[in-house]
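Written below as C-alpha cells is the structure these notes are about.
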Amino acid sequence: MVVILAGIILMTPPANQYEISIYRVFPWYFWTMLVASTVVGQVLILRGAFPDEKPGRDWQLGLLLILLCNSILVFVPYVRGYTYFERADVLTHLGFIQIIQRTGRFSGELIYPNIHQLVLTLSYATGLEPMRVINAVSGVISLFSMLAAIALVATVYDRRRALFSIPFVCLLIGGTAHMNASPFAQSMLILPFVLYLFVKEQQTHAFAIRLALAVSLVALVIYHPLTALFALVFFTIYAVFQTSVVRGALLSSDAASSALTGSGTVRRLTLGAFVVWYYNFAGMLIRAESVLNTLFGASNGESQLDAYSSTVSRTSPAVVDLLRILLLEYGISMILLGVSGLHFSKMLVKRARRRLSVSVFELSFSATAMAFAGVSVLFLLFDLIVGFGRPLMAARYFAVLVVGSFFFDLYERLNWDPNVPRAVVVVLTILVVLSTLGAHHSPLTMRTNQQVTDMELDGAGWHLTYSDMDRPHAEYGVDLYRFEDALIGFHSDNVTKDPDPPPDHFGYADGETLGAEYNESHYLVITSAGRQFYPEVWPDYRQFWRYTAEDFDRLETDPTVAQVYANGGYDTYLVNETITPA
C-alpha cells in the first residue's frame, strides 16, 4: 500500500497556486489507505506482545510501515512543491535567520536561537536557502521524536509491555506542531529524547549518557523556556517519588530498589541553565509579571474559555461542526488523558490495598500527565500569555507513555482475553484517523492551509521594493509584516504590523465606493487565501461573511480603486480617498 501511496503522490501534479486544504488534493482513498497502512503496522507490533506469540521480527516490519506512513504525512507539503509552509511565526523566525546570516550574531530579541542555528548550519552545508531547508527540518525532527519515544518505552518497560506501548508513541500526537519549525513546537518534539537520556542515565550511570544528557538539557533550555520549565516539572515530580519516604510508602520492595539515583543534579542543571540564559532578557521578566497580575486579579485579559464562549454564542454553530472541531482539535487529548487518568486512578486504588509494583518512571509519567492536565485547565480559565494548548501538549506527551502499559495490565488481568487487543486496535484506529486529519491546518478545523506560494513571496517583494512605505495599507489573507521579516529581516519595521482590516464588504453594504471609507489613500493587499477563506471555511455561515465574491468583483469596477500589482495569487490595489480630512 505504501508503494501505491507514493505512486499517487508522484502522479499528482505539484501545486502551482494556493491550496486551502491539502486533504482535498488527494482522493479520499489515499487518506484511507494511509490510515489503514498505519493501523496494519500497529497490529503487527501488537502481535509481538501476545502470550502465545514467539519472539519474531514482525514488529520491526510494522514499525517500518508506520515510519513510512508518518514520513508521507509530514513530508507531503514538501513533495507537493510548496515553496514554504507555516505562514505565521516561522516567517518571522526566518527573519531572525536573515539577521544572523548578515551580521554573524543574534538579534537582541532572539531568546531561543537553537532552531535558527540548526537551519542556518544545514543551509550552509547543503547550499540551499534557509527557506527551503526549514521545510524539511520539522519533518525530520518529528520522525526523530518518534524514534526517541520508542527507545524511551523500550528502556522503561519489559519487552511485551513495550510492544503494547510502541503503537501509541508512534502516533503524531503533536498535531500541526509536526509541520511547524518554530522553537516551541520543535522543543516539544525533542522532549522524548531528553527523557530517554534521563531514564538511561538513571539506570546505567554511564558517563557518556550523562554528558549527552547535560548537553541536551542545556539545548532544551535554549530551544524554548516553556519546554524547559515543563521538563523541570517532570524532574521535580520524579524527585519526590524518588525520596526514600515516598518510594517506600508507594512502591513494592522490588520496584523501590529498581531506580537507585535521584535527579537533583539534573534539576539544578536545568534550573541553572534557565536562569543564566534568560535573566538578561527583559521580556521574560515582563511576561512573568503579566502572569502574576493575571492570577492575582491585576489584569483583565480575556481567557481562551471566554473567547470560545463568545464565538459560540455569537455564531451559534451547528452541533455537527462543533463536534468535528472538538474531535479533531482535542480528541487525541481526551482519549490519551482519559486513559492516563484511568491508569493513575488504578494506581491509587491499588495503593489503597497494597504497595505498587510499577517502576518509578511509569509512576512519574502518569503523575506528570495529570499535573499538566490540571495546568492546562488553569491556562484555559486565565489569560496567561500563551494558550492552554501548550501545557495540554505536554500532558499528551507524558500520557502517551503510560497508555500502552494500562492496556497491557488490563490484558494480563483478564487472563489474555483477545477482546482487549481488539479494543486497543479500535482505539488506535480512532487515534490514527484524528492524528492524520489534524496534522495539517484545513477547513476541517475551520482553518486554512499554511502553504506560502511563490506568488505571495513575489507580491510581498514587489510591495517592499516599489510601494510608498509612507502610505498606509490594509490587507486580507496575508500578514505583510511576516513576509517583510522573512524577506528582509526581523523588525525591519517598514510595514505596519496588524493594520486595520478593510471595512466589511469593502464598504459596499452602505456605500458605492471603497474610497468613501478613507480620508487618505491606502494600499489594499488581497491574496488567494483571503478570497477563498469564507466560501471554503465557513460555507454554511454566509450571514457572518465579511467579504463575498460579489464584493471582490466590485473592487474591479470601483472608480476609487486602481490595481497596481497582480500575479494571479496576490493583488495590490491603490485606494484613493474621497473623504476630505477635517
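The values are calculated or read from the model by the stated rules, or taken from the named source; none is laboratory data. All values reported here derive from a predicted model rather than from experimental measurement. Every residue, glycine among them, receives a Cβ derived from its backbone with ideal geometry; neighbour counts consider all protein chains shown. Only protein heavy atoms, including side chains, enter the accessible area calculation; ligands, DNA and RNA are left aside. Shrake-Rupley method; radii C 1.70, N 1.55, O 1.52, S 1.80 Å.
Side notes on the structure shown:
- Residues satisfying the stated conditions in the range 210-223, i.e. open to solvent by 40 Å² or more (accessible area, probe 1.4 Å) and hydrophobic (A, V, I, L, M, F, W, C): 211, 215, 218
- Within the range 518-551, considering residues that are in contact (Cβ under 8 Å) with a residue 60 or more places away in the chain and among the charged types (D, E, K, R), the one nearest to residue 474 (Cα to Cα): 520
- All positions within the range 109-147 that are of a type in the set (A, V, I, L, M) and touching a strand residue (DSSP E or B) at 6+ places or on another chain (Cβ under 8 Å): 131, 134
- When 240, 233 are screened for being open to solvent by 10 Å² or more (accessible area, probe 1.4 Å) and either basic (Lys, Arg) or free of Cβ contacts under 8 Å to residues at least 24 places away in the same chain (or both), only 240 passes.
- Any hit, the range 493-514, residues being open to solvent by 60 Å² or more (accessible area, probe 1.4 Å), within 32 Å of the chain's Cα centre (by Cα) and of a type in the set (Val, Ile, Thr): yes
- Condition met for residue 401 (part of a helix (DSSP H, G or I), surrounded by fewer than 17 Cβ atoms within 10 Å (Cβ to Cβ), in contact (Cβ under 8 Å) with a residue 40 or more places away in the chain and touching a helix residue (DSSP H, G or I) at 6+ places or on another chain (Cβ under 6 Å)): no
- Residues in the range 58-80 that are without any contact (Cβ under 8 Å) to a residue 40 or more places away in the chain and of a type in the set (A, V, I, L, M): 61, 64.
- Selection of the range 410-445 for residues being open to solvent by 20 Å² or more (accessible area, probe 1.4 Å) and among the hydroxyl-bearing types (Ser, Thr, Tyr) yields only 429.
Conditions (1) in contact with a helix residue (DSSP H, G or I) (Cβ under 6 Å, 6 or more places away or on another chain); (2) part of a loop (DSSP other than H, G, I, E, B); (3) buried (at least 21 other Cβ atoms within 10 Å of the Cβ), marked per residue:
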position	(1), (2), (3)
447	no, yes, no
455	no, no, no
460	yes, no, yes
469	no, yes, no
474	no, no, yes
482	yes, no, yes
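- Restricting 479, 470 to those that are charged (D, E, K, R), over 24 Å from the mean Cα position of the chain (by Cα) and over 30 Å from residue 39 (Cβ atoms) reduces the list to 470.
- Hits in the range 117-150 - residues which are open to solvent by less than 30 Å² (accessible area, probe 1.4 Å) and among the β-branched types (Val, Ile, Thr): 119, 133, 134, 137, 141, 150
- For the range 181-222, residues that are hydroxyl-bearing (Ser, Thr, Tyr), in contact (Cβ under 8 Å) with a residue 24 or more places away in the chain and assigned to a helix (DSSP H, G or I) total 3.
- Residue within the range 19-39 that is in contact with a Gly (Cβ under 9 Å, 6 or more places away or on another chain) and either farther than 27 Å from residue 147 by Cα or modelled with pLDDT of 85 or more (or both) present: no
- Evaluation of residue 99 against (1) farther than 22 Å from residue 432 by Cβ; (2) open to solvent by 20 Å² or more (accessible area, probe 1.4 Å); (3) out of contact with any Ser or Thr (no Cβ under 6 Å at 6 or more places or on another chain); (4) at pLDDT below 90 (one fails), failing number: (3)
- Scanning the range 151-161 for residues that are in a helix (DSSP H, G or I), of a type outside the set (D, E, K, R) and open to solvent by 10 Å² or more (accessible area, probe 1.4 Å) yields 151, 154, 155, 156.
- Residue 528, sole failed condition from (1) open to solvent by less than 60 Å² (accessible area, probe 1.4 Å); (2) in contact with a helix residue (DSSP H, G or I) (Cβ under 7 Å, 6 or more places away or on another chain); (3) polar (S, T, N, Q): (2)
- Among the residues of the range 170-191, the one identified as over 13 Å from the mean Cα position of the chain (by Cα) and open to solvent by 10 Å² or more (accessible area, probe 1.4 Å) is 171.
- Candidates 123, 138, 145: the one that is modelled with pLDDT of 85 or more, touching a Pro at 6+ places or on another chain (Cβ under 8 Å) and under 23 Å from residue 484 (Cα atoms) is 123.
- Those helices (runs of 4 or more DSSP H) of the range 44-139 in which at least 1 residues are among the acidic types (Asp, Glu), considering only elements entirely within it, cover 58-79, 89-103.
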